[in-house]
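Here, each number is a calculation from the coordinates, and none is a lab measurement. Quantities reported herein were computed from a predicted structural model and do not represent experimental measurements. Note that we place each Cβ from the backbone using ideal geometry, even for glycine, and neighbour counts take in every protein chain shown.
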Amino acid sequence: MMLNTLTPQPEDKILALMALYRDDPRDTKIDLGVGVYKDATGHTPIMRAIKAAEKQLWEAETTKSYTALSGDPAFGAAMKTMVLADSVDHARVGAIATPGGTGAIRQAFELMKLANRHGTVWTSNPTWPNHLSILKFMGLANKEYAYFDAATCTVDFDAMMASLKDVKAGDMVLLHGCCHNPTGANLTLDQYGLVADLILEKGAIALVDIAYQGFGDGLEEDAAATRLLATKLPEMLIAASCSKNFGIYRERTGCLMAMSETADNTPVTQGTLNFLNRQNYSFPPDHGARLVTMILGDATLKADWMAELEEVRLGMLGLRTQLADELRQQTNSDRFDFVAQHRGMFSRIGASPEEVLKIREEFGIYMVGDSRLNIAGLNAQTVPLLAHAVAKICR
Ligand code: PMP
């Protein structure tokens, strides 16, 4: 007997919040919890280019036989171009398709376990909670580096660099490539450069988690930090997600890239990545990866995808500006101006857990307990309601 020995696992806070929201009978309720993009009507649309590619694929695809352990190499090549552009020689970079960005992160940690199982993985305080949960589950050592200054809701860069002084050779430093989740507060490009210098000096490896390319300052701009790190460091790992920027969450589309110092090492790197896919789930999912490859390889589809992604990005930026303005008026202060400076789908607004609870109970506005709110959960009509609730509750 085995199953009767199991004990309940800790519940995922964000998924629990989704259930609370669903059960709230108020028709004025607002969901700022889970991290999916929503348009002004609260719908998560299928992007036009995805629909068009799916139609083409349905007509042209002649087999559903296995692809390759790495996934279709054309997907890896397209992702290298999207994320790295020509910052480095692509021959130095191995790539595998993975089930979502989460799969890529998991495989990066598996690689760490294979290469240096006693090394420490450094994560920002705070970070996406699933980073911590997977590390714990895998039994890898984890340390946090200072990141977010709760008083100003900006990055405390001096504190970050001070804590990274303790990084040891062979450790892994996990950085968010853009649009930091959960805070929305990001390093400047110069600061990324200084972090790269430190990682180089320590002999550690960077893992860049890039899950929101195109949601912050633009498709190219959001990859600038990853590209800078790639030019400065001999080796690095990149876990890229296509869930948000292609809107294909449930298709589970991601890519792990591993850059070696020289191209001579790539066959072994690539072979190891393929091996890790084989051990964990064998062939990775293909449908989403194929759609992404088709879009990135077709000028018309790509132009339409980029145009729609830009609409999404500008929509969120507009909501940020509106929210910062409303908060300015309703609180008679500039203390929430950071909302307009933050980038990506989230902002941590610095409310206490009690205040978050009050906002939920009194106003039916659902944000995560750490006061992370999903900007895309708002629209022009609900921004003033949120600003009113925050002004009333957060003293
Ligand atoms: N990294 C970060 C920082 C994220 O926010 C997410 C999605 N919530 C992911 C990775 C992975 O997303 P997915 O597995 O859905 O592609």
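Here each label is just a point 7 Å from Cα along the line to Cβ, and for residue 165 and residue 85 those points are 3.6 nm apart. The alpha carbons of the chain stretch over 61, 55, 55 Å along the principal axes, in descending order. Placing unit charges on each Cβ (+1 for Lys and Arg, -1 for Asp and Glu) gives the range 242-395 a dipole about its Cα centre, and among 247, 369, 283 the Cα reaching farthest toward its positive end belongs to 369. Measure up 80/244; 80/232; 165/232; 80/168; 113/168; 38/80 against 20 Å on the Cα-Cα distance and list the ones that go over. Long pairs (Cα-Cα over 20 Å): 80/168; 38/80. For the range 95-192, the percent of C-alpha pairs falling in each 5 Å distance bin, counted from 0 to the bin holding the largest distance, reads 3, 12, 23, 23, 20, 14, 5, 1, 0.
When the chain is treated as a GNM with alpha-carbon contacts under 10 Å, the residue of 223, 196, 19 showing the greatest mean-square fluctuation is 19. Size descriptor for the range 343-395, Kirkwood hydrodynamic radius: 11.0 Å (Cα pairs only, one decimal). With Cα atoms as the point set, the range 113-246 shows a radius of gyration and Dmax of 14.0, 40 Å.
Globularity index of the range 18-129 is 1.50 (Cα radius of gyration / 2.2 N^0.38 Å, N = number of residues). The distance from the alpha carbon centre of the range 180-247 to that of the range 28-97 is 19 Å, rounded to a whole number.
To the nearest 20 Debye, how big is the dipole of the range 1-77 about its Cα centre, given +1 on the beta carbon of each Lys and Arg and -1 on that of each Asp and Glu? Don't jump to the answer; show the numbers that get you there.
On the way: 9 positive and 11 negative charges, 23 e Å.
For this selection, approximately 120 debye.
Applying 1/(1 + (r/R0)^6) with r as the Cβ-Cβ distance of residue 283 and residue 36 and R0 = 30 angstrom yields a FRET efficiency of 0.70.
Think of each Lys and Arg Cβ as +1 and each Asp and Glu Cβ as -1; about the Cα centre, that makes the dipole of the range 113-231 roughly 700 debye.
Shown is the FRET efficiency for residue 331 and residue 57, computed with R0 = 51 Å from the Cβ-Cβ distance and rounded to the nearest 0.05: 0.50. When each of the peptides 322-334, 34-46 is scored by the mean number of other C-beta atoms lying within 10 Å of its residues, the order from highest to lowest reads 322-334, 34-46. The simple Förster model, with R0 at 41 Å and r as the Cβ-Cβ distance, assigns residue 264 and residue 141 a FRET efficiency of 0.85.
Mind checking the dipole of the range 170-230: about its Cα centre, +1 per Lys or Arg Cβ, -1 per Asp or Glu Cβ, Debye to the nearest 20?
On the way: 2 positive and 9 negative charges, 28 e Å.
In debye, rounded to 20, the range 170-230 gives about 140.
Just checking the listed ones, 59, 220, 261: in the Gaussian network model of the chain with Cα springs under 10 Å, the one fluctuating most is 59. Distance between the pseudo-spin-label points of residue 115 and residue 152 (7 Å out from Cα toward the beta carbon): 3.4 nm.
Work out, step by step, the length gained on full extension between residue 133 and residue 395: first 0.36 nm times the residue separation, then minus their alpha carbon distance; give nm to one decimal.
Details: separation 262, 0.36 × 262 = 94.32 nm, distance 3.27 nm.
Once the chain is fully extended between residue 133 and residue 395, it gains 91.0 nm.
Of all the options 205, 134, 365, the one that moves most in a Gaussian network model of the chain with Cα springs shorter than 10 angstrom is 134. Per the Debye formula with a single identical scatterer at each Cα and no solvent contribution, what log10 I(q)/I(0) holds for the range 1-71 at q = 0.18, 0.23, 0.25, 0.27 Å⁻¹? Once normalised to I(0) and log-transformed, intensities are -0.89, -1.05, -1.17, -1.27.
Think of the chain as a dipole: +1 on every Lys or Arg Cβ, -1 on every Asp or Glu Cβ, centred on the Cα centre; then among 378, 1, 152, 1 lies furthest on the positive end.
How big is the antiparallel share of DSSP beta bridges in the chain, given as a percent to the nearest 5?
45
Only helices enter the 222 nm calculation for the chain: every DSSP H run of n ≥ 4 contributes -39,500 (n - 2.57), and dividing by all residues gives -14500 deg cm²/dmol, rounded to 500.
Projected label points at residue 341 and residue 9, each 7 Å from Cα along the beta carbon direction, are separated by 3.8 nanometres.
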